[in-house]
Each structure stands twice: as structure tokens, then as C-alpha cells.
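Colleague: The structure's right below; bear with me while I get my questions together.
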Amino acid sequence: MTTQLFGERVRRREDPRLLTGQGRYLDDLGRDALAVAFVRSPHAHARIRDIDVSGALDVEGLVAVYTYEDLPERLAEPLPLLIPHPALTHGRTAHPLAKDVVRHVGEPVVMVVAEDRYLAEDACGLIEVDYEVLKPVVGIEEAAQGAQLVHEDVPGNVGAHMVQEVPAADGRSAREAIETAPHTLAFRLDIERSASMPLEGRGVYARWDGSDLRVYSSTQTSTSVRMAIAAKLELPLPHVEVIAPDVGGGFGVKIMHPWPEEILVPWAAMLLGRPVKWTEDRREHFVSSAHERGQVHYVRVGFDDEGRVQGLEVTILHDHGAYTPYGIIVPIITSTQLLGPYRIGAYRVEFSSIYTNTVQVTPYRGAGRPQGVFCMERTMDKIAQYLGLDRAAVRERNFIQPDEFPYDQGMIFQDGRPLIYDSGNYPEMLRMVKELIGWDSFDKRPHTGIGLACYVEGTGVGPYEGGHVQVTSDGRVHVSTGLTSQGQGHETVFAQIAATELGVPIEKVSVVTGDTRRFGYAVGTFASRAAVMSGNAIALACRKVREKALRIAADALEADPGDLEITEGVVHVKGAPGASIPLATVAVLANPLRYAFDEEARRATQFASAAAPDRPPVAEGEEPGLEGRDYYSPVRSTFAAGMHAAIVETDPDTAEVRILRYAVVHDCGRLINPMIVEGQIHGGVAQGVGGALYERMVYDSHGQLLNASFMDFLMPYATEVPRIETAHLETPSPLNPLGIKGAGEAGVIPVSAVLASAIEDAEGLPIDRMPISPAELYHLRQSRDG
Amino acid sequence: MRRHDITLVVNGVARQASVPARRLLSDCLRHDLGLTGTHVGCEHGVCGCCTVLLDGQPVRSCLTFAVSVDGHEITTVEGLGGDGDSLSPVQQAFAECHALQCGFCTPGFLCTVTALLRDNPAPTDEEVVEGISGNLCRCTGYQNIVKAVHRAAELMAE
Ligand code: FES
Ligand code: FES
């Protein structure tokens, strides 16, 4: 019997420290550090004429003031364009501190270092920047007209333009298929801007000791931040280490890197020879981090009498803000994941990615999928309504069937690989969600409505992650992986995997993530990839360790490795518990020693070991120590899926929307820890509810963000989130050894679609734009009623 | 800048600090006294991450000047449990029910819920939701926090 922890609701190992105030978040570190604050642009578009810092120089505790002019060569270059793409013909990135022109409110212009943050802000307040205000470009349609330019050298404000086409089986194009279909519909759908909005903002803390730089960053990718810092500051990589400490939520915004501050703070620490720290405040987070979601979609669909789609054409305007450091991942994901669980006869998707004088856009949990799912699911509802059919039935008729996997959608996914779904069972999932919500027995009353939405989510994108597993001579198992954690419970789930693979009690296992001192090669935590990528890498590394342990133990026990197993940290002959050797002892034997520093070590010295005198103490092909390292690099993504249903009630007078019930059926393959997966879904749904009913970034025509605080950007409290009912389907992925799929983003993806569907059902009004506030619903009612 | 000498009784221990009048209680606790368990999520009184107990009542430490609570008793997350590593029933319930993910909002919730259950040891579902509706959490969707409050009430009744 092996220690079976995979699949169990194991309690989280990170909780004891986080519950007692012992967590170590970025701003909890570096009490002795100097503090940084920034002067940021108050204008959406302006030319900097002059910066006068003289007023700040008398501030007590002021240490340094830096502007663009002070930056050395590599730092003075534009920040990297992280994900280049052939379609991104006019990618533009900011400078760490503004050079000549500012392009959104919040862009950093001057960096101030002082003894504490209060004093640094005092100094910022006394620095005068003389701006020549330029006309801002705000609003995606205005920007797309190209009358005013965000970047002088980007005509029409178009950063990227891309078309993907999948012809029908008979070779006809989507346009032909739509033209000849028995029925066609055309409509426009909008989603507004929102943002990840983790409760901990970003932050950077750096120490320089004269030759080595240690940087802590509240990031979703410490390994890549490290490489960026080494390159920008021209330091040899081995002299830079980056650690993601406890991170108070990420949801995408912290995968962006290097942020200006991630380069500037270490640079200042090196120049000043003192530790330096910057902690983002909430207003800074609103105006200088990243947003997402803002897109306009024009949809044309052709379908038959049964509601089967024959052709679909979608044209997307994507607002990527002032810069494109993260490339065009978001509209690419919308374009591809829009297809969901359906076989669409022929498909054409075209997007233009447009500059505006607003905060840059990088992925926020879901990353373009909520918009794509909104398009497809609104389309399904409109088809059903047009034909007078049941909305669930229309979806079912368009589903990819269980025997059609692997299913090739004929497109290229965000990882540059073919969009091939590995496994799934959509009809069963629909049956489950209908049963959970009571679809067929729903009692339709005035001002109540029911809605449904389905999605497929490509998870676990490559290129790779790695895992390192070391068993020390005390029998403890030390696991490390390079990707980072922001609350997903990796210390727990990775320990479950290691304990299960190695046959050790979970108490013996410890896990470290996001620390480049422990593991230098990694990609990062995003795209619901951590469990799939690092989970499998750690499992593979454990298997190497296990194999080696069995080999050594077999020697010691004079047994065949095939007859051995490990349970509770002891290697023994199957069925003969007498002949055994603890893993701790195997670890001792794995490392032949000269020096005996303790009793355990004595057993491994050259003279104690029974090794044959004519063989080298470390056999050929072996390494000392009981440890293993392995990587998981998938050929392509694995595709999770889910279906949500909701019942809402709308207030006949105030037009407030109340969610009466919310049901989720979710398939992320094999579950490592159902408690943690459910938690991920709960959180995602809550963010989805925020995005559907409350949260939006309100820019005025001057490019001022009017609601840059928690007072005005309305995130849901407990009073706004309904009770979430969940059920799981487990269709293992055939692509990876553990059969798992990602779960991190799932909850958020279909929420706008499902609530639009339910509100439409309640009101009998087309809901084509989300989020929807009571005021907007009220106006829709009014315009209907004349 | 003029400094003021203040004494705060934090988690039962008298602590001295010398602070400018504008120093926020949250910063004083975190940076002057080194009690970094109290978190700051907005610094404008909305998120509740910075909630501590001031003479037993939950307050936003980001909206409180340290000098204004000179001589008062403050309980932070570090002081909720008993001696050593032992967890209070509320902390224990949060662990049991998976009521935290990133943990950034957690200290604020723990302080809020501790006061809530002291005043109302057996709250209804509605009272629980109402009671925690001044604290934001971006990770959990509140589902398990609500469960944990009921569970804590149960543990305290045992
Ligand atoms: S930090 Fe005090 S309420 Fe948000
Ligand atoms: S657990 Fe992350 S904000 Fe609540």
C-alpha cells in the first residue's frame, strides 16, 4: 500500500503561518530599507518640457532623485517587448522613467528615494514637472479612427492586426458558409475594462552587497525577473537572485515584468549601496499597473433550422492601452478560445489591437476568454431565441462529441501550437449542470431568469517547468520548483504529489517555490499552468529519486529493485515488511563520505561502506546524493472545460440584479486536492460576478481614471457573491503523467456570459454589453418601453 | 518633523514608539513595532485588510493616527492565538474550512470575526455575511469564510 494523498482534501500547509501573521509579504521585508516613491504623470498625453526637482532638495531624509536623464545606457532603452508576434507590427513599450512624452495617467516620471515613504512622498509633492498637454486618445472606437495618435510613428493607432480562418469541411470560407446558411444574425457585443486587483499591490525590495544582488519582488515569475534584471543592469546571472516571497494575490497582473520598478529599485540599491524598497499603493496600482477585458466584437453567424452553426465571423477591436509589453496574447486567446466546446462549421476571426492613452493591458485571470465566451454564448442564446428553441438544446447540438477527441479546431493557439483539444465530455457536463440548477424544472416567473454558459480553457501551456527533489539523511524531502505562488496552495498540492510518488508522510515534505536560489529555470505562474507543469515535473523528479532509492536499497537488502516498495518513508520488500531500510538511510548510503560528522554520516564513510574495492565509490552514471531533477515540457496545452448556470431576480423598480442560485460543473481532469480546486473556482466566480455586475474602469474624455480607488471601483463583498454550488467531472488528460488539467482561471471565464443570459431571460431584453449596472438595465427598460 | 512619544499596549505588552503626528497606526504597527501581520490593501478605509481590535473593537488601522490611540489596547493577528503556536478557534476554523488563499486579507477577517463572535456567539447566515461585509477578499469568493465563521462559532461553543 502506498501513501495515497493525491486526490485528498489535505489541509493547507501554508495556513499556520498566514493565520498567525507570520507570512512574509514584500512590504514585511526590509525594515531597514530606504523607501521609493514616484512622481507620476497627471496627464494622459503630454510632452515633458522641464522637470524642476529643486523644491524637493531640502526635504529632510531625501536621499536621491532620478529622472530619465540619469539612467545609464541599458536602462535608458525602452522596456522589453516580452512576447513578440509577427502580427504585432507596431509594438511599443515605455521607458522605465518617461522620456519626452507621457502616454497615460500614472506613467512614472521621477523616482525619489528617501528615509521613509512619507518623506519620499513629501519630496514628490515638491517636484515640478512642466507639461505641454497633448490631445489624449480615449475610447476604442475613437482610437480606431486614428484621428489622434498615441505614438507618432504608429499610423491609425493599430499595434497589431491578425486574421485566422478555418474553412468548412467542404472547403468553403466562413463568409461563404454564412451567406448560404438558412438563417443569419449579426450583432455587436461589448466587454468593458476591469483589472486583476489583488489585495496586495506590487512591490520590489533590493539589497546589494558589492558583488551580489538579491531582489524580492511580488511577482508571478521570479526566474524571468532575474534574467531581465541581470540583462538590464549588466550583471552576471549567477550574481543575481530573485525571490517571490508570500504574494498577496496576482491574477495575472504580476506576470507582467520587468515592471519599471523591478529594474529601477535594484539599480538604486546598487548606486546607493543601501537596501531600497518600493511598495505600490492602491492608487498607483490603479493607474500604473495593468488592466484588461476592454473589447468590442462584431459577430456574424449563419445556422440551420436546428440551430447548428455553419459559419461564424467575428471582428474584434482590442484596446491594449498605451503600450504592448505583453504582446497580443489577450486578443489571440479571445480569437481561439471563443470556439468553446463547439464544432463551428467555418470560422473567421480578425482583430485589431489598438493604442489608447490609458493604462496598458496585460492578462487578467481568464485572459481574453471571458470576452470570447461572452461572444459565443450570446451567439448560442440568440440562435435559440431566433429559432424558438431551448438554449441548452442549441448548445448540445453544436457540441464536440466525446468520441471525437483529440479534436483539432484547425487554429493556432496562444502558445504557437495547434489548437487540439485533448479530452472532454461536454454532453455529460451539460446534463450535470442542468440537473444541478434544475434547468428543466425552472419555474419562470416575472423578473426571474435562468442562464447558462459553457467554455473550454486551454491550460498548462509550455514551454516547460522543472522540479527538484532531494531526500536528506534525516529522511526529509525537499521539493523545489521555479514557478511562484500567490495563494494557490502549491506548498500543499506539490507536497501531496511528492508524498504520493515517494511513499513518504506528507509531514516530511517541504516545498519551495519562486526562489531562484533553489531553482533557476522556470517560466512562471499564469494560464492555469502551475499544477499541470510543475506538478508533473515534480512527479517525474520524484520518480527518478524513487528509482535511485530502490536501486540503492536493493543493493543493501540484496533484493531485486522490482520487489521493493516505499511506504511511510521505508523501503521494504513487498509483502515482507521485515527486510527494510529507511529512506533516510538510503540517502546516507547515496552519498559516500570521507568525514563522519555525525552518527548517520559514519555509516556512509569510505571505510564503513560495503562497496566493492575495485569499483569507484560513486558508480559510473551515478551522482552522489539522493536527489533528482526533471522537467515537464508538453507538446501542447491541455483543455479543461466547464459549464455554469445561474438564476437571477431583477428588481422591477430599481433594476438591481440579485443572483439567487449559481451552479458550476467543472472538469480539470484528475483532482489533486478537491478543496483547493473548489476554492479556486469560488474565487474565480466572485471575480466574474464583479466583472459582470460591478467592476469597470471609468475613463473620462481626458484620459483620467475617475474611479481609481476601492471606494469607486466596486469589488464584490460577501454580500454580493451568491452561494456557489459545484460539481466535478474528471476527464483525465492523456497528455501528462498525472492526467491533470489547470483550474486557476476556470471560475471567472463564463460569468459575464451566464449572467447576461439569465438577465436577458428575466427581462426579455437583449443584453449585449457587460458589465451591466442597475442604471444601465433601467435605461434599457426605458428605451424598450419608449 | 516633531515626534511624539506614545505607548500602545499591543497584544498585552506595553510598546513605546516615537512617531510623527501623521504616522498611521497601520504603519506604526508594521514598521515601528515590526508587527507585519496587519496588512495594508488600500490605505483608504475600504478593504479591511488593516483591521485590528482597538480596546476590543474592530477599527481600520489605516484610518487611525498612531498618536490618537496613545495608551490604548490593541490586538493584532499576532495576538489572537494563545501562547506559542496555538491557534484561536477562529484561526483554527479558517484553516479547517480553507477560508484563505493568498492570506493577505486574512488578518483583517480574523480580527473582524473574533469581535463578531464575541458579540454574537451563534450568528445566523445573514448575520455572518453582514458581519464580514466590510472586508474585501479577492481570492476566496467568501464561500469558505462564511463556513469558517460558523465553524468557529461551533468550536467556541464546545
Ligand atoms: S488598508 Fe485599511 S481599509 Fe484597506
Ligand atoms: S485570501 Fe487573498 S485576498 Fe483573501
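Colleague: Projecting each Cα onto the charge dipole of the protein assembly as shown (Lys/Arg +1, Asp/Glu -1 at the beta carbon, about the Cα centre), which of A:593, A:379, B:94 comes out farthest on the positive side?
Modeller: Value computed over the given set: A:593.
Colleague: Using the Cα centre of the stretch A:1-143 as origin and beta-carbon charges of +1 (Lys, Arg) and -1 (Asp, Glu), tell me which of A:87, A:118, A:97 is placed farthest towards the positive end of the dipole.
Modeller: Positive-most Cα among the choices belongs to A:87.
Colleague: Right, next: Kindly identify chain A as rounded, prolate or oblate by the Cα gyration tensor criterion: order the square roots of the eigenvalues as a ≥ b ≥ c, call it rounded if a/c is under 1.5, otherwise compare a/b with b/c, prolate if a/b is larger, else oblate.
Modeller: Numbers: a/c = 2.03, a/b = 1.20, b/c = 1.69.
It is oblate, given that a/c is not under 1.5 and a/b is not larger than b/c.
Colleague: Another one. On C-alpha positions alone, give me the angle between the axis of helix B:106-119 and the longest principal axis of chain B, in degrees, nearest 10.
Modeller: Once rounded, one gets 70 degrees.
Colleague: Taking every residue in A:706-716, how many Cβ atoms of other protein chains lie within 10 Å of its Cβ, on average?
Modeller: Mean partner-chain Cβ count within 10 Å for A:706-716: 3.
Colleague: Where the centre of each part is set by its Cα atoms, how far does the stretch A:19-79 sit from the stretch A:514-590, in angstrom?
Modeller: Spelled out, the Cα-based centre of one part sits 47 Å from the other.
Colleague: Could you work out how much longer the chain between residue A:169 and residue A:412 gets when fully extended? Use 0.36 nm per residue separation minus the Cα distance between them, nm to one decimal. Please list the in-between numbers first.
Modeller: On the way: separation 243, 0.36 × 243 = 87.48 nm, distance 1.76 nm.
My answer for the length gained is 85.7 nm.
Colleague: Note down the nm distance, to one decimal, between modelled labels 7 Å out along Cα→Cβ at residue A:567 and at residue A:237.
Modeller: The modelled label-to-label distance comes out at 4.4 nm.
Colleague: Also: So if R0 is 30 Å, what FRET efficiency would residue A:445 and residue A:186 give, r being the distance between their Cβ atoms, rounded to the nearest 0.05?
Modeller: On the way: r = 32 Å, r/R0 = 1.08.
It comes to 0.40.
Colleague: Scan the stretch A:156-257 for GluC sites (Glu not before Pro) in coil per DSSP, keeping those whose Cβ has at most 12 other Cβ atoms within 10 Å, and list them by number.
Modeller: Answer in residue order: A:234.
Colleague: Just grab the label-to-label distance for residue A:555 and residue A:132, each label 7 Å out from Cα along the Cβ direction, in nm (one decimal).
Modeller: 7.7 nm
Colleague: While we're on this one: Quick one: if the Förster radius is 30 Å, what FRET efficiency do residue A:723 and residue B:73 give, using the C-beta to C-beta distance and rounding to 0.05?
Modeller: Working: r = 37 Å, r/R0 = 1.23.
That pair, residue A:723 with residue B:73, gives E of 0.20.
Colleague: Take every residue in peptide B:27-39, count the Cβ atoms of other chains within 10 Å of its Cβ, and give the average of those counts.
Modeller: 3
Colleague: Continuing with this model, one more query. Simple spin-label model, 7 Å along Cα-to-Cβ: residue A:435 to residue A:543 in nm?
Modeller: 3.4 nm
Colleague: Among A:561, A:778, B:26, whose Cα projects farthest towards the positive end of the dipole of the protein assembly as shown, with charges put on the beta-carbon of Lys, Arg (+1) and Asp, Glu (-1)?
Modeller: With unit charges placed on the Cβ atoms, the residue in question is A:561.
Colleague: Taking 0.36 nm per residue of sequence separation and subtracting the Cα-Cα distance, how much length would be gained by fully extending the chain between residue A:306 and residue A:64, in nm to one decimal?
Modeller: In short, 80.1 nm is gained.
Colleague: I need the peptides B:124-132, A:16-24, A:251-259 ranked by packing, meaning the mean over residues of other C-beta atoms within 10 angstrom, with the highest value on top.
Modeller: Most protected by this proxy first, the peptides run A:251-259, A:16-24, B:124-132.
Colleague: Which whole-Hz couplings ³J(HN,Hα) result when phi for each residue of the stretch A:744-754 is put into the Karplus expression 6.51 cos²θ - 1.76 cosθ + 1.60, θ = phi - 60°, listed in order with x for Gly and Pro?
Modeller: Result, rounded to whole Hz: x, 9, 2, x, 7, 4, x, 5, 4, 5, 5.
Colleague: Starting from the Cα of residue B:83, move 7 Å in the Cα-to-Cβ direction to define the label point; list residues of the stretch B:3-24 whose amide nitrogen is under 16 Å from there.
Modeller: Under cut-off, by backbone N: B:12-13.
Colleague: Would you mind calculating the gained length between residue A:783 and residue A:343 on full extension (0.36 nm times residue separation, minus the Cα-Cα distance), in nm to one decimal?
Modeller: Taking residue A:783 through residue A:343 to full extension adds about 154.8 nm, to one decimal.
Colleague: Also, I was wondering about something else. Which number comes out as Rg/Rh for the stretch A:569-721 once both Rg and the Kirkwood Rh are worked out on C-alpha atoms?
Modeller: When Rh is taken as the Kirkwood radius, the ratio is 1.32.
Colleague: Ignore the peptide's own chain and count Cβ atoms of other chains within 10 Å of each Cβ in A:717-727; give me the average, rounded.
Modeller: Values: counts 11, 18, 7, 3, 7, 3, 6, 3, 0, 1, 0.
If you average over the peptide's residues, the count of other-chain Cβ atoms is 5.
Read the figures in this text as sums done on the coordinates, not as results from a lab. Since this is a predicted model, take the numbers as computed values, not measurements. Ideal geometry is used to build each Cβ from the backbone, glycine not excepted, and the neighbour counts take in all protein chains shown.
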